[in-house]
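Q: Just passing along the structure, written as structure tokens.
Computed from the coordinates by the stated procedures, all read-outs in this text should not be read as laboratory data. This is a predicted model, so every value here is computed, not measured. Every residue, glycine among them, receives a Cβ derived from its backbone with ideal geometry; neighbour counts consider all protein chains shown.
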Amino acid sequence: MSIKSLKDIINQQKREEEDSSEDSFIPEEQIEEYKSLLEQLYKLTTDALSELINENLIQVKKEKINIYEESLGNYDVDMLLLTINSNKIKFVPAGTMLIGSKGRVDVYGPFGSEKFMLIRKGISKPGDLIKVSISGQSGKIQTSTPKKLTIDDWEWKTLPSESKWMKFDDVTSETITDLVMRMING
């Protein structure tokens, strides 16, 4: 082996170490991103219902809850609570370290439960979450280094409670209003 080959190997390993340290997992960063994305969902919700909130037909409150995730430990986040007459609708964060998703919020009301999920932008159905690679004749799988996802790469989607759903729905004023109607009126 020549000195040049050895030098190339050492420099390649150094670059790989530097690249991996840039992408290192920082639990506090994950928690802060999740909290920020939760606030985004809560703002979408209160904006969609602002007329009813302003008329005191819906009362809004946030309560701290504690979540434990194996890779993050314990942390506190806000749960959103909507009170409509004697009905309560709770938006309960489920966590951020989920397969195929950056986070989930479970919504509970008198007439059932539904879910909001943080899905990568551009994903419209569950099948889009799965990528399959097939090796060529040489037996090598060609891979590319995926870009590191940022907070802007995620968006909230509704996850229908039906068992035969085929797509994620966007979170809009209309989907939020419909969800609240289902939660208090069946």
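Q: Can you pull the one-decimal nm distance between simple spin-label points at GLN59 and MET181, each 7 Å off the Cα toward Cβ?
A: 2.6 nm
Q: With r as the distance between the Cβ atoms of LYS7 and ASN74 and R0 = 35 Å, compute the FRET efficiency 1/(1 + (r/R0)^6) and round to 0.05.
A: Efficiency, rounded to the nearest 0.05: 0.15.
Q: Work out the length of the dipole vector of segment 1-114 about its Cα centre, built from +1 on the beta-carbon of each Lys and Arg and -1 on the beta-carbon of each Asp and Glu, and round it to the nearest 20 debye. Could the numbers behind the result be given before it?
A: Details: 13 positive and 22 negative charges, 46 e Å.
I would put it at about 220 debye.
Q: Then there is this: Stretch THR46-LYS121 to full length: gain in nm at 0.36 nm per residue minus the Cα-Cα span?
A: Working: separation 75, 0.36 × 75 = 27.00 nm, distance 2.24 nm.
That works out to 24.8 nm of additional length.
Q: Farthest toward the dipole's positive end in segment 1-105, which of PHE91, SER71, ILE10, given Cβ charges of +1 (Lys, Arg) and -1 (Asp, Glu) about the Cα centre?
A: Sorting the options by dipole projection puts first PHE91.
Q: Spelling out what I want: for every residue of segment 54-71, take phi, set θ = phi - 60°, compute 6.51 cos²θ - 1.76 cosθ + 1.60 (Karplus), and round to whole Hz; glycine and proline get x.
A: Taking θ as phi minus 60°, the curve returns 5, 8, 6, 7, 10, 9, 10, 8, 10, 10, 6, 10, 10, 10, 10, 10, 3, 7 Hz for segment 54-71.
Q: What residues from segment 58-78 fall in the zone where the backbone N is under 16 Å from a label point 7 Å along the Cα-to-C-beta line of GLU29?
A: What the label zone holds, given the 16 Å backbone N cut-off, is 72.
Q: Still on this structure, I have one more. Can you tell me the order of 54-65, 30-41, 167-178 when each peptide is scored by its average per-residue count of other Cβ atoms within 10 angstrom, highest first?
A: 30-41, 167-178, 54-65
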